[in-house]
Amino acid sequence: MNAGISAVLLAAGASARFGDNKLLYPLGGGTPMAIVAARKLIRAVPDCIAVVRKLDILSELLEDEGFSVLVNPHAEDGMAGSVICGINAAPDANGWIIALADMPFISQHTIRMIADSLNAGAAITAPVYEGRRGHPVGFANTFKSQLLQLKGDQGARDILATYSSKLITINVDDGGVLQDIDRLGDLTDYP
C-alpha cells in the first residue's frame, strides 16, 4: 500500500500539432523533452508512473529513469484515459500529482511544493505564475472517484471548475508552469 504521493506523467499524446513525436524532441544538451520533464518529476516525487501510447523507445527511456510505465490502450480517446490508468496504478496513494510530459520547463522545486501542499492537507493544489494557474496539479485521494470518472481530452478541468473552492494555489516564480509545448514554435523562447 502506497501511503505517500504518487506522480503520474501523461506521455500518451499523439503530438499531432507538433508534426513529429514531440516527447522525443531533443532539448538543450540533446535530452528528449519527456525525459527532461521526467527527471524533474522523479527527483521531486520518487513514486512516479508514466502513461504512454505504446511500448517503444520513449517507454524504455522512462523505465531507465525509474518510472513504472503503463500503456494506455485507449490513448486516442484523450487525456482522461491516461489519468485513469495512472490513478489505477497507485490507487492507495494519499494523492496524485498529474504532470504533462510536454511541459519540461517546470522546476523541480515547484513540483516539490505541490507535493508538500498535498502532504500538508490540500485537497487540490496548483502553481500560479503571474496570476495564471499552471501545472502540475495535485489531487488528494478524496478526489479519486472524480478522477476515475474523467472522460475525453479535457483532463481534470471540470473537477477544478466544480471544486474551485477547494483549490490551494501556490504563487511561484516559474514560468515553466505555463509553457505547454504543442508546436515546434513553442520552443523559441527556450534553449
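Throughout, read-outs are computed from the coordinates displayed, never taken from laboratory work. On a predicted model such as this, the values are computed, not experimentally measured, just so you know. Cβ placement follows ideal geometry from the backbone for every residue including glycine, while neighbour counts extend to all protein chains displayed.
Annotation: peptides 176-182, 27-33, ranked by per-residue average of other Cβ atoms within 10 Å with the highest first, follow the order 176-182, 27-33. Orientation-averaged projection of region 5-187 equals 9.4 nm² [convex hull of Cα atoms, one quarter of hull surface area]. Taking Ile57, Ile111, Ile84 in turn, the Gaussian network model of the chain (Cα-Cα springs below 10 Å) assigns the largest fluctuation to Ile57.
Using 0.36 nm per residue and subtracting the Cα-Cα separation, the extra length available between Ala120 and Ile57 on full extension is 19.0 nm. With θ taken as phi - 60° and the Karplus curve 6.51 cos²θ - 1.76 cosθ + 1.60 applied, the whole-hertz 3J(HN,Hα) list for region 53-66 is 6, 7, 7, 7, 4, 4, 4, 5, 5, 5, 4, 4, 7, x Hz, x standing for glycine and proline.
If the segment from Arg43 to Gln108 were pulled out straight at 0.36 nm per residue, it would be longer than the present Cα-Cα gap by 22.7 nm. When only the Cβ of Lys, Arg, Asp and Glu is charged (+1, +1, -1, -1), the dipole of region 5-187 relative to its Cα centre reaches about 360 debye.
Rounded to whole numbers, the Karplus 3J(HN,Hα) couplings from phi for region 37-51 are 5, 5, 4, 5, 5, 6, 6, 8, 9, x, 8, 10, 10, 10, 10 Hz, using 6.51 cos²θ - 1.76 cosθ + 1.60 with θ = phi - 60°, and x at Gly and Pro.
Based on alpha carbons, the Rg and Dmax found for region 86-191 are 13.8, 40 Å. Gap in Å between the Cα centre of region 37-90 and the Cα centre of region 139-156? If we compute the Cα centre of each part, the gap is 16 Å. Remark: relative contact order (region 5-187) = 26 percent; criterion is Cα-Cα distance under 8 angstrom and separation of 6 or more residues. Name the long-range amide H neighbours of Val137: under 5 Å, sequence gap of 5 or more, or other chain; modelled H, no Pro or chain starts. For Val137, whose amide H was placed from the backbone, the distant partners under 5 Å are Ile98.
For Gln154, the amide hydrogen comes within under 5 Å of the amide hydrogens of Met79, Ala80, counting only partners 5 or more places away or on other chains and with H modelled in the peptide plane. Looking at region 30-170, the DSSP beta bridges with both ends there are about 50 percent antiparallel. Taking amide H as placed 1.01 Å from N in the peptide plane, the amide H of Tyr25 sits under 5 Å from that of Met33, Ala34, each at least 5 places away or on another chain. Going down the table (Lys22/Lys166; Lys22/Lys151; Lys40/Lys166), which pairs top 28 Å between alpha carbons? From the list (Lys22/Lys166; Lys22/Lys151; Lys40/Lys166), the Cα-Cα distance tops 28 Å for Lys22/Lys166.
With the simple model of a label 7 Å out from the Cα in the direction of the Cβ, Asp153 to Leu24 spans 2.1 nm.
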